[in-house]
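So the structure is just underneath, and the comments pick up after that.
The values are calculated or read from the model by the stated rules, or taken from the named source; none is laboratory data. These numbers were taken from a predicted model, which means no experiment stands behind them. Cβ placement follows ideal geometry from the backbone for every residue including glycine, while neighbour counts extend to all protein chains displayed.
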Amino acid sequence: MISHRLSLQIEHYKSCTKTILNLGLFKKTYKNIHIIMSKFLPNKDDDYSLWYNELVKKADLAENSAVRGCMVIKPYGFSIWEKMQAVLDKMFKETGHSNAYFPLFIPKSFLSKEASHVEGFAKECAVVTHYRLKNSPDGKSVIVDPEAKLEEELIVRPTSETVIWSSFKNWVQSYRDLPLLINQWANVVRWEMRTRLFLRTTEFLWQEGHTAHATRAQAVEETERMLEIYAIFAEQYMAMPVVKGIKTANERFAGAEETYCIEALMQDGKALQAGTSHFLGQNFAKAFEVQFTNKEGKLDHVWGTSWGVSTRLMGALIMAHSDNDGLVLPPMLAPIQVVIVPIFKNEEQLTAITAKVNELVAALRKRNISVKFDDRDTQSPGFKFADYELKGVPVRIAVGPRDIEAGTAEVARRDTKEKKTLPFENLEEVIENLLKEIQENIFKKALDYRASQTHVVETWDAFLETIEKGGFISAHWDGTPETEEKIKELTKATIRCIPLDSVEESGVCVYSGKPSSKRVLFARAY
RNA sequence: CGGGGUGUAGCGUAGCCCGGUAUCGCGCCUGCUUUGGGAGCAGGAGGUCGUCAGUUCGAAUCUGGCCACCCCGACCA
């Protein structure tokens, strides 16, 4: 709990930091301190959330918009999202799903058809009540035309289960129509009180999969399959280790029978839910009367699932790997994997360097490596080095006159900051391997970090002490919502999930002392 | 919705107490010198001081209203 006085001090500190960051004098006079200040980013360990916000803006990923709580995703940030989309979309298609698009607006009556669902979202829905504007009497502005009131208000989708299931009703008649495997890429709106770029914004982008199946078993299988896809994506592409698990009743999606999730640990010791997959049972099928005739000729309700990941993954990606010099992107998702910076004093040198570099660019592209040759003469090499580090480009190659003479290039990797001068000959193969190594290395680093921050705790005292340090706590829980609530109230920690690989072992609840058969994962979360 | 804070050039700010059209840095533009880790020097452009009203010869500055944003809390698949 941060006291008011302390929060004021933090405010003061932040504004001072900003001032210092912008004082050129400071940089000039105290070169050493300038190095510590590190590329004008706040220090990650001093103030993690300030570091995060500044990084998002300075790395040109996103910025706040004129609309409260909504963000503008800038070209560089969006290109990372596009890479994520491309990979996920391919994975969805490979597992038999098709894309479709459903409307942004949902009739209000749809939301009330599934009782627990509406309860979960009612408080954060944007509502459209009118469909026309007109000039104000004084002609200086526009006002909502009171005559243009909608008969039934429209809800801006916070998620699309209801519109989609109202369509599914028409799409499904026979077991031959099943399974129905649909995905949509869309924007959704949830009127959140407090927002943060990428992590929680009023409007965000996501994909939502919605499927219908003939049997319970098939729907559960689908739920688990998609969770697995999310886990593979997180670990193999984002290089971010995740725990697969099941949510407790408190944390479950409104309208689901079971919510599966992947949970990741950020560098400040807080957990982040990175994706969810819901087994909906027959809840929506019953609410929207989606029935089919089975092989035996009997009418039955279908079984549903829904699953999604959002632009929140961008926040996860940023917080999982980045450092005080800026972003660290996994090569699999980096829009630019290799940047080549020429070092030249005159046109003649640049021409010689360009000729040599073009060979390398062609060879790298042949291997499907995205490469940028930054031959602008308007920025100095030093500026470019720092800038591409800020943007998380995994590999940088510098080529100058000395290299041309020696037949070499300087290769620097973003993750370790290691620099090596290597022969130009066959460099493309070295780079290709280096990209793989970087991908593995940042995953391993994140995995080691998580291991060091996952604590097995047996007693309440130890729990209280450990939760302050951050990280995951693996502890026994008696399975009651009351205990879960109480722990949340006392520590702000929630049960992130019951891990799928949690082993059966008898123990006692860390809070109540009642018997328990499994450990669950606690953490403070985003 | 409660508590606190801030609005001055693209960004970050000084000035406000004690009224006289605005300070500094970054960035931007031009020129020359530079270029192997955010280049230097010289010159230059850019401001309805959030907004509306009041006090005054005169308002960034004083008074009142309004608006916006930020932080803390409540809330949050």
Checklist entry - Would you pick out the residues in the range A:230-258 that are among the hydroxyl-bearing types (Ser, Thr, Tyr), surrounded by fewer than 24 Cβ atoms within 10 Å (Cβ to Cβ) and not in a loop (DSSP other than H, G, I, E, B)? => result A:Tyr237
Checklist entry - So how many residues does the range A:336-374 have that are part of a helix (DSSP H, G or I) and either among the aliphatic types (A, V, I, L, M) or within 16 Å of RNA strand B (Cβ to nearest atom) (or both)? => result 16
Checklist entry - Out of all the residues in the range A:305-312, is one or more surrounded by fewer than 24 Cβ atoms within 10 Å (Cβ to Cβ), farther than 18 Å from A:Tyr237 by Cβ, among the hydroxyl-bearing types (Ser, Thr, Tyr) and more than 14 Å from the chain's Cα centre (by Cα)? => result no
Next on the checklist: Among the residues of the range A:500-509, are any under 23 Å from A:Ala264 (Cα atoms) and part of a helix (DSSP H, G or I)?
Outcome noted: no
Checklist entry - Got a sec? Which strands (runs of 3 or more DSSP E) wholly within the range A:51-142 have at least 2 residues that are touching a Leu at 6+ places or on another chain (Cβ under 9 Å) and not β-branched (Val, Ile, Thr)? => result A:62-64, A:105-107
Checklist entry - Does A:Ala62 qualify as being without any contact (Cβ under 8 Å) to a residue 24 or more places away in the chain, within 16 Å of RNA strand B (Cβ to nearest atom) and touching a helix residue (DSSP H, G or I) at 6+ places or on another chain (Cβ under 9 Å)? => result no
Next on the checklist: Being outside any loop (DSSP other than H, G, I, E, B), exposed (fewer than 15 other Cβ atoms within 10 Å of the Cβ) and not assigned by TED's automatic domain parsing to the domain that holds A:Asn250: is that true of A:Glu489 here?
Outcome noted: yes
Checklist outcome for this item: Residue set A:Ala115, A:Ala86; condition closer than 16 Å to A:Leu205 by Cα and exposed (fewer than 13 other Cβ atoms within 10 Å of the Cβ); output residue A:Ala86
Item to check | Selection within the range A:154-187 - free of Cβ contacts under 8 Å to residues at least 60 places away in the same chain and within 13 Å of RNA strand B (Cβ to nearest atom) | outcome: A:Arg157, A:Pro158, A:Ser160
Checklist entry - Restricting attention to the range A:414-452, and to residues there that are touching a strand residue (DSSP E or B) at 6+ places or on another chain (Cβ under 6 Å) and of a type in the set (D, E, K, R), which single residue is farthest from RNA strand B (Cβ to nearest atom)? => result A:Arg450
Checklist outcome for this item: The residue from A:Thr421, A:Thr416 that alone is modelled with pLDDT of 95 or more, more than 19 Å from A:Asn324 (Cα to Cα) and of a type outside the set (Lys, Arg) is A:Thr421
Item to check | Residues being buried (at least 17 other Cβ atoms within 10 Å of the Cβ) and small (Gly, Ala, Ser) - total across the range A:57-78 | outcome: 4
